[in-house]
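> For reference, the structure I am asking about is given below.
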Amino acid sequence: MSILARSLITGLTLLGLAAFWLFSVGPYRRLDVAGEAIPRALPPVLGPFEAEPAITDQNQWRRRRATLLDAFERDTYGRLPAARPARIVSVSPISPQDIGGLRGAEQTEIALRGGGRFNLVLVVPNARVPTPVIILQNYCGNRAAFPERPEAIATPLHYYPFNCHSGFFRPIHQLIFGPWIDGPPFERITRRGYAVAIFYGGDLVPDRRADAEAALAGMDRRDTGAIAAWAWMYSRIIDVLSADRRLDPHRMIAWGQSRYGKAALLAGAADERIFAVVALQSGRGGDALTRHRAGESVGAITQAFPYWFSPRFRTFIERDPPIDQHQLLALIAPRPLLLGYARRDGWADPAGAIAALRGAEPVYDLLHAPRPQFFMRDGRHGVTTQDWDETLDFLDRVALPR
Ligand code: GCU
């Protein structure tokens, strides 16, 4: 093995150990957030906002929705790209032999008018009625979401992390971030009657600064950040999947963990066709209040990932923003929302998320909808079997029976 390869492996192992330390025994240790209170400075979700007076009825909330979404685009995420027709270019069935016997999988290539393509892998259970579908992004590309890494499933179209190029690092990913970090438990999900659609956001906007900035510069709206672009991809997927008769167009669920939880929340806030949202450990720029000032700071996130957000987001490093994440959660009302956390994930600020959730509840109450749900599991940042069981139990409660 060359010196370069050896130092690379040592470097990555050290990085893995550092991440392991940070999220398990390091400064972000086990948290007890049960008694968390709403910060006093949090603007009440139904209170006056910009030029608008306080809200007392559902019609006024409709108007407020538009104002808030506009404010999130302006101050936090940058503008969502305009809707563009999406069409299916090809559908290729994936042989069960190539993916551990899993049936009903196919790869769909989607093209967007005006340029841009991406791949989706859809796994549909064999059912007599149209099934709900869980739409999610993955970290390593669609092929790597299957342990067998079948050639029939495309790898990402642009940059993707080195540690995702082969199966070599999969056990390390799983050790640090749980068994389902690279891809969901397809079998477990389809057995419960849900279809799964996975995509790699990096097919359009890669998750690396220079590549992301180049891709975002080609978008039609000013200041679009990567999270907004990924959120917009959920909507383009819904455009094409809504015409698929095997799927229930009224039960399309946006699911995401961590950075992709941020995108799933924004997708749900912006696109009312999304039936429900599940966001796990979405943290700063996701469900945790920006003004909560615990765990990852606005300074840290905008330094490491400036391209995720509108440039205005970093102006809130020291001052509180005019909008905060409880208002993002409220934009999902009255639709079902589940937030999940891990006790050893202080970086993602679970207490800030609980406070945001409480801050959003008055809108669910106004719309006579069941309040959002929250669960806290043991362990670290990542995706565990419990996370998926919590997800499916929640969806069974809100999406079934139809
Ligand atoms: C980093 C980042 C977080 C993000 C996380 C993830 O830790 O700071 O904001 O949520 O990556 O996506 O796993």
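> Could you tell me how many of the residues in the stretch 50-71 are free of Cβ contacts under 8 Å to residues at least 24 places away in the same chain and under 28 Å from the mean Cα position of the chain (by Cα)?
Count: 6.
> Follow-up. Against the conditions (1) modelled with pLDDT under 95; (2) within 29 Å of Ser242 (Cα to Cα), where does Gln281 fall short? Just the number, please.
(1)
> Select, from Ala264, Ala304, the only residue that is crowded, with 22+ Cβ neighbours inside 10 Å and within 15 Å of the ligand (Cβ to nearest atom).
Matching residue, one of Ala264, Ala304: Ala264.
> Ok, one more. Counting just the residues of the stretch 244-261 that are assigned to a loop (DSSP other than H, G, I, E, B) and more than 24 Å from Val383 (Cβ to Cβ), which one comes out farthest from the ligand (Cβ to nearest atom)?
Arg245
> Identify, please: which residue in the stretch 161-212 is open to solvent by 20 Å² or more (accessible area, probe 1.4 Å), away from the ligand (no atom under 16 Å from the Cβ) and of a type in the set (A, V, I, L, M, F, W, C) and is, among those, nearest to the chain's Cα centre (by Cα)?
Residue satisfying both the conditions and the ranking: Leu204.
> Out of everything in the stretch 276-301 that is more than 10 Å from the ligand (Cβ to nearest atom) and part of a helix (DSSP H, G or I), what residue ends up being farthest from Asp396 (Cα to Cα)?
My answer is Gly299.
> Moving to a separate point now. Step by step: first the residues of the stretch 1-48, then only those that are under 30 Å from Leu331 (Cα atoms), loosely packed, with under 13 Cβ neighbours inside 10 Å and not hydrophobic (A, V, I, L, M, F, W, C), then the one that is modelled with the lowest pLDDT. Which residue is that?
Looking at the filtered set, the residue picked out is Gly35.
> Arg344: open to solvent by 10 Å² or more (accessible area, probe 1.4 Å) and within 16 Å of the ligand (Cβ to nearest atom), yes or no?
yes
> If you don't mind, there's one more thing I want to ask. For the stretch 214-228, check the following and say yes or no: at least one residue is in the same structural domain as Gly104 (by TED's automatic domain parsing) and closer than 30 Å to Asp396 by Cα.
Yes, the stretch 214-228 has at least one match.
> Looking at the stretch 80-105 only, could you name the residues that are open to solvent by less than 40 Å² (accessible area, probe 1.4 Å) and closer than 27 Å to Leu266 by Cα?
Across the stretch 80-105, the qualifying residues are Leu80, Pro81, Ala82, Ala86.
> Still on this structure: In this structure, is Tyr194 at pLDDT 95 or above, under 28 Å from Arg312 (Cα atoms) and aromatic (Phe, Trp, Tyr)?
It is false that Tyr194 is at pLDDT 95 or above, under 28 Å from Arg312 (Cα atoms) and aromatic (Phe, Trp, Tyr).
> Report, by residue number, each residue of the stretch 309-320 that is among the aromatic types (Phe, Trp, Tyr) and either away from the ligand (no atom under 13 Å from the Cβ) or within 24 Å of Gly178 (Cα to Cα) (or both).
Result: Phe316, single match.
The values are calculated or read from the model by the stated rules, or taken from the named source; none is laboratory data. Remember, it's a predicted structure, so these values are computed and weren't measured experimentally. No Cβ is skipped: glycine too gets one built from the backbone with ideal geometry, and neighbour counts run over all protein chains shown. These accessible areas exclude ligands, DNA and RNA; they are computed on the full protein's heavy atoms, side chains included. Shrake-Rupley method; radii C 1.70, N 1.55, O 1.52, S 1.80 Å.
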